[in-house]
1. Tell me which residues, restricted to the stretch 277-330, are among the basic types (Lys, Arg) and open to solvent by 40 Å² or more (accessible area, probe 1.4 Å).
2. So in the stretch 77-108, with the set limited to residues that are open to solvent by 50 Å² or more (accessible area, probe 1.4 Å) and within 16 Å of the ligand (Cβ to nearest atom), which one is nearest to HIS135 (Cα to Cα)?
3. What are the residue pairs meeting all of these: first residue in the stretch 130-141, first residue open to solvent by 10 Å² or more (accessible area, probe 1.4 Å), second residue of a type in the set (D, E, K, R), Cβ atoms under 6 Å, and 6 or more apart or on different chains?
4. Could you list, in sequence order, all residues of the stretch 41-58 that are among the charged types (D, E, K, R) and part of a helix (DSSP H, G or I)?
5. Please go through (1) surrounded by 16 or more Cβ atoms within 10 Å (Cβ to Cβ); (2) away from the ligand (no atom under 15 Å from the Cβ); (3) part of a loop (DSSP other than H, G, I, E, B) for GLY74 and return the number of the only condition it doesn't satisfy.
6. Please enumerate the residues belonging to the stretch 227-265 that are within 18 Å of PRO295 (Cα to Cα) and assigned to a helix (DSSP H, G or I).
7. Looking only at the stretch 287-319, how many residues end up being more than 17 Å from GLY224 (Cβ to Cβ) and more than 7 Å from the ligand (Cβ to nearest atom)?
8. Mind checking which residues of the stretch 50-71 are of a type in the set (A, V, I, L, M, F, W, C), in contact (Cβ under 8 Å) with a residue 60 or more places away in the chain and open to solvent by 10 Å² or more (accessible area, probe 1.4 Å)?
Amino acid sequence: METYLLLVDTFLETIMTLDKRTLGTAGLEVSAIGLGCMPMSQSYGPADETESIATLHRAIELGCTFFDTAEVYGPHTNEELLGKAFADRRDKVTIATKFGFRIENGKQIGVDRDSRPSNIRAAVEGSLRRLKTDHIDLLYQHRVDPNVPMEDVAGTVADLVKEGKVSYFGLSEAGVANIRRAHAVHPVSVVQSEYSLWERNLEADVIPALRELGIGLVPFSPLGRGFLTGTAKRAQDYPEGDFRRNDPRYQEGNFEANVRAAQSVIDIAGAKNVKPGQIALAWILHKAPDFVPIPGTKRRSYLEENVASAEIELSSDDMAALDTALAPENVSGQRYTAAMMAAVDR
Ligand SMILES: NC(=O)c1ccc[n+]([C@@H]2O[C@H](COP(=O)([O-])OP(=O)(O)OC[C@H]3O[C@@H](n4cnc5c(N)ncnc54)[C@H](OP(=O)(O)O)[C@@H]3O)[C@@H](O)[C@H]2O)c1
């Protein structure tokens with residue numbers, strides 16, 4: 001029996017080993033699907049540290065070696081978790097972290113931003129310490145800081161690259177003008193912004209600019225914070241502190257309309273005998289060879305399902321049906337509250 005289980009496990013790992021994708025022109029190579037680590041510390045209900053660490057380790061076994069964290073997740077505790085999990089296997093993982101929100105006495109201050117060079121340096125020293133490493137593979141500015149010229153931000157990151165503390169540079173939720181300004185100072189390898197079946201705001205301007213400049217895209221919240229997995233509940237049914245309690249798309253009225261719009265994902269998944277969330281991830285993977293989604297989870301079962309989505313084939317008819325079903329006019333509600341929208345550079 002044990003030999004049989006071992007064989008099944010080995011077989012699963014053989015078929016589930018992920019391809020690599022290259023992001024940007026500076027040579028950053030990552031697994032085709034990454035792991036969003038934020039739910040292990042905040043936003044989507046309580047997490048169990050043992051299961052979170054088991055999930056991080058299982059990801060490596062499955063070839064999913066691109067891990068997404070940030071100084072502000074927790075704050076700090078998410079990086080500490082990764083430091084604990086990866087201290088003895090640092091060479092097997094690509095770690096992306098982010099600076100740029102104001103944190104005081106261990107608390108995030110609203111959506112205040114702080115990308116002053118002195119704060120970038122302090123954030124990086126803190127991240128290195130918590131991650132128990134001497135270098136960050138990919139360092140993002142989490143949000144554009146309207147008070148600090150992008151040239152100063154990119155220049156500071158360029159210095160950190162020269163010092164060997166950082167390998168690649170990324171931006172999150174930056175608009176086209178700031179992407180260009182940063183890229184002119186130091187190559188931007190990746191832009192990480194929200195992009196999914198139900199959130200297409202990047203298609204008009206940002207994605208064409210990324211194509212032109214040769215920058216990769218890491219779509220965050222690729223599962224619509226869980227909505228696209230077919231398991232969404234109404235806002236009020238999530239516990240206090242869960243992000244979705246205030247998410248406009250989960251509120252009464254919007255919720256029902258969005259459930260109707262997302263039905264086609266469930267139907268296509270049913271026809272292929274796969275899960276709706278897997279269709280949402282496969283859709284991103286089919287959009288471009290340098291798009292790398294980072295579905296977030298704190299449990300092995302979801303991770304395994306998400307990684308397996310790399311095996312799914314979507315025809316051009318499937319893609320067209322999905323494009324239409326969740327086109328912007330069919331999705332109700334903004335992706336963020338007005339306060340959070342104000343921190344987006346577009
Ligand atoms: N740059 C930014 O500003 C920014 C903003 C948001 C997120 N991010 C990054 O992007 C990552 C992904 O985004 P996200 O976590 O917000 O949203 P997401 O990946 O769209 O969805 C995460 C939610 O979906 C659930 N889920 C995951 N896989 C599932 C499956 N197979 N079946 C059913 N449910 C599933 C998770 O459940 P469990 O929690 O129960 O596992 C979690 O509640 C984050 O973890 C974070 O690293 C970046």
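1. Listed by number, the residues that qualify are LYS287, ARG299, ARG300.
2. The extreme case among them is GLU80.
3. Going by the 6 Å Cβ cut-off, the qualifying pairs are ARG130/GLU79; ARG130/GLU80; THR133/ARG90; HIS135/LYS165.
4. Within the stretch 41-58, GLU49, GLU51, ARG58 meet the criteria.
5. So GLY74 meets the others, but not (2).
6. Of everything in the stretch 227-265, those that are within 18 Å of PRO295 (Cα to Cα) and assigned to a helix (DSSP H, G or I) turn out to be PHE227, LEU228, THR229, PHE243, ARG244, VAL265.
7. 20
8. Residue satisfying the conditions is ALA54 alone.
The values are calculated or read from the model by the stated rules, or taken from the named source; none is laboratory data. Quick caveat: nothing in here was measured; it's all calculated off a predicted structure. Cβ atoms come from the backbone with ideal geometry, glycine included; neighbour counts cover every protein chain shown. All accessible areas refer to the heavy atoms of the entire protein, side chains included, with ligands and DNA or RNA removed. Shrake-Rupley method; radii C 1.70, N 1.55, O 1.52, S 1.80 Å.
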